[in-house]
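Just so you know, all these numbers are worked out from the coordinates, no wet-lab data involved. Computed from a predicted model, the values in this text were never measured in an experiment. Here the Cβ is made from the backbone with ideal geometry for all residues, glycine too, and neighbour counts use every protein chain on show.
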Amino acid sequence: MKYSIPILALLLISVACSSTEKNVQGMMDEAKENYSGDVTLTNSGINLDTFRTRLSDAYAYRENQIPEEFNQIKVEQKEEKNLYEGYRIQIFSGEHVSNADTVAANFRAWADTTLVGYQPETYVFFKTPYYRVHVGDFHERNRAISFSNIVKRYFRDAWVVYDRVEPARVPADTTVIETR
């Protein structure tokens, strides 16, 4: 009893191998009959050409012609804009940080009480040898100039400068900036 299971397993394996060998031999014979050229065989004797697909070659003889009407259509390509490039209004430039902070605080107070439709951000930074105060964020120079004209009523030295802007703080194109 204890040898019957291994003997049974060996018997099943030998039967399976002999039937596989017959299948491989039958496939080789069939391939030789159907194939007119040289037969490419693997180590086990299987013809690889019977399994290869010819789909990639199905349309190799065709040329891809684009109709003339499509060649005449011109596609407008929009230039990609860097969202961080833009304009700000410089309202102060000086050597003392206390003066820059005072001007920034005065602008915030003035903007809170005077401007309607847009609340500009105030930026104080140091660029050798001066502290500078910039306000607002704009992508278009024309909008920055129109805003600087409003700011010049209170800050006479305001002027538009090219600067890196915060895209989230740029007012929408439909925003109307007015004074009270």
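Annotations for the structure displayed:
- Loop sites in the range 98-180: GluC sites (Glu not before Pro), DSSP, at most 12 other Cβ within 10 Å: Glu140
- The range 54-145: chymotrypsin sites (Phe, Trp or Tyr not before Pro) in DSSP loop, at most 10 other beta carbons within 10 Å: Tyr59, Tyr61
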